[in-house]
Structures are given as structure tokens and as C-alpha cells.
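Computed from the coordinates by the stated procedures, all read-outs in this text should not be read as laboratory data. For clarity, every value in this text was computed on a predicted model and none was experimentally measured. Ideal geometry is used to build each Cβ from the backbone, glycine not excepted, and the neighbour counts take in all protein chains shown.
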Amino acid sequence: MTIRKYAVATLLAFAAQGAAYADDFKIGSIEVDDLWMRATAPGQSVGGGYMEIENKGKEADRLMSVKSPIADSVEVHETRTENGVSSMRGTGPVAIAPGAEVKFAPGGYHLMFLKLKQPLKQDEEVPATLVFEHAGAVDVKFKVKAINYKAGGAMNHDMSGMSGMDHSKMKH
């Protein structure tokens, strides 16, 4: 009877571990996880995307581009604060060194989904394709969180007040 309980507990532990990693996306030595966005306000034309990219290989790779059917375009941006002034600018490709992890989080690297074709609603999933220089393309899904969601320990980069704002006018 004790062996049976142990076997059931072990199976449940493995099932829980599988569920924890169910939202990981992998291509070659690149693993992408913790993909999320905030819901958008009515009329908001941009949305921010966040994730973690880990390179488990022995060679560097680069995130070259991102595409999504819910936006006209997707750009990689970085928020920098210099002399107390924060600004956002496009970065182009982002390098991921071997054995390193790059976090896309509020206040740092992030994706800008420009000219959204529809509002982002909480609990929906947003499809996108990440294109890496060496690993190739991988289809992923971003989970849409509440409009006021704050990632643990991250600077709040709340997009909810950007309703109708033309992102191209922002300082880059």
C-alpha cells in the first residue's frame, strides 16, 4: 500500500512539473517562456509583450524579428533611463549569448505590438512568431493579463494610458 501511494505521488509530481513547463516554447538551443502582455484599453493602438529567452547552446544567437497577426508590426524596444529621463527606442536584433538568458520585462527590453487590429482581452492568448538568426522561427503564444498587472519586482510600464496615442511620435 505504501508503494502504491509513493507511485501515485511520484506520478502527480511529474504531471505537475509537465504542467509548469507547458507554456515553454523551444527551437534548437533556444527556449522561450513566461510570455505575457497586458490587456488594452478601448482604442489603444499599441501593446507591450514580455518574455524570457534562454540560450542553452554553445553558440550565440539573435532574435531578429517578431510577427503577429494581431498587429501591423512588432518591434523590439528597450527602455533606458539616463539622467532621470526614461526613453524608449528600437533596438534591432537582440543577442542571446551561449548559456545566457535575456529577460523582456517592463522597464527594459520589450516588444511593441504596433497598430493593434483588435483590443487585447484578459485571459486570451496572442499568437506570434519569433525569428532567430540560427535557431529559426518558433510560434509562441502570449497570455494576456489584467490591464493593471505588474510583474513581480519589475518597474511598471503601464500602457493603459496610451489610448489612441501614435507610438511613432515617442522619443526613440
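Observations
- Between R80 and I147, the modelled label-to-label distance comes to 3.3 nm, taking each label 7 Å out from Cα in the direction of the beta carbon.
- Efficiency of FRET from Cβ geometry, F25 and D123, R₀ 25 Å, rounded to 0.05: 0.85
- Inter-centroid distance (Cα atoms) of the stretch 57-105 relative to the stretch 118-134, Å: 15
- Of K26/K117; K56/K141; K121/K150, pairs whose Cα-Cα distance is over 24 Å: K26/K117
- Sparsely packed trypsin sites (Lys or Arg not before Pro) within the stretch 110-148, loop by DSSP, other Cβ within 10 Å at most 15: K117, K121
- Residues within the reach of a label modelled at D72 (point 7 angstrom out along Cα to beta-carbon, backbone nitrogen below 20 Å), restricted to the stretch 103-145, are 111-120, 127-129.
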